[in-house]
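Asks: Here it is, the structure, as structure tokens.
Values quoted throughout were computed directly from the atomic coordinates according to the rules given, and no laboratory measurement underlies them. Predicted model only: the values in this text are computed from it and were never measured. Note that we place each Cβ from the backbone using ideal geometry, even for glycine, and neighbour counts take in every protein chain shown.
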Amino acid sequence: MRSLKKAAPTRPALITGGTVAALAAAAGLLLAGCEAGSEGVRKEGTAQTQSAAKPTRMPAASAVPTQGKIDAIKLIKSDPKVSEQVKKNLKPCEKNQYPVDVIYGQVTEGSRNDVVVNVLTCGDSLGVASYVYRAKGDSYENVFTAEQPPVYAEIDRRDLRVTKQVYGPGDAACCASGEDVMTYHWSGNEFREASRTHTDFSKVGGNNDKGELPSVGTEG
């Protein structure tokens with residue numbers, strides 16, 4: 001079922017003919033090209049705007065925060081595991097509103113909630129990078145990094161679910177050939193992949209330019 005592609009809102013393709021390599025190379029340009037009037041910061045759950053790699057379902061109940069909010073931007077900017085490209089291009093879309101999703105919940109079996117941070121683009125909420133931070137004393141440590149866009153991480157019960165779009169030769173940024181969904185389970189002091197599913201999207205009928213489902217005729 002292609003719920004991800006059908007549910008995605010109408011938006012212009014920022015990269016009209018990019019393959020996976022081209023999409024990754026353009027991630028910095030996408031981040032830098034933030035537009036005024038975008039939705040900006042999204043906290044305590046997934047964003048309302050559908051990203052290219054973002055599942056349509058809501059976060060599991062375990063993702064509800066039970067602690068104070070963190071400064072996700074400061075956390076990313078000071079994290080040595082975050083690439084310099086992501087840091088350089090992570091800028092406000094409007095005033096002090098940054099394009100990030102911050103999800104709180106239990107995913108590493110710690111005594112405090114973990115924090116999942118997804119860095120997005122301003123224009124169409126394309127998932128650029130995902131990180132998981134685990135509480136360690138009075139600070140947080142990075143225990144998971146994914147910087148191959150489009151990517152989006154979330155908490156599924158007590159596991160980490162990461163969604164990535166798969167592009168083939170000639171695929172436009174709006175129209176991936178498929179999707180990989182990886183589930184990671186915390187074991188000891190690291191994440192280990194527990195399962196992986198791949199979906200090949202049908203090319204029949206193309207995309208509806210208005211972002212709407214096809215109308216169904218009635219017999220008569």
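Asks: Compute the distance in nm between two label points, each set 7 Å from the Cα along the Cα-to-Cβ direction, one at residue 142 and one at residue 88.
Replies: Label at residue 142, label at residue 88, 1.6 nm between them.
Asks: For residue 71 and residue 109, FRET efficiency with R0 = 25 Å and r from the beta-carbon atoms, rounded to 0.05?
Replies: Efficiency computed from Cβ-Cβ geometry: 0.55.
Asks: Could you work out the relative contact order of region 68-137, using alpha carbon pairs under 8 angstrom and six or more residues apart, expressed as a whole percent?
Replies: Relative CO of region 68-137 lands at 21 percent.
Asks: Further question: When ranked by the protection proxy of mean other Cβ atoms within 10 Å per residue, highest first, what sequence do the peptides 115-121, 73-79 form?
Replies: Values: 115-121: 26.9, 73-79: 15.7.
So the order, starting with the most tightly packed, is 115-121, 73-79.
Asks: All other residues with a Cβ under 11 Å from the Cβ of residue 82 taken together, and with Lys, Arg as +1 and Asp, Glu as -1, what is their net charge?
Replies: For residues surrounding residue 82, the net value is +1.
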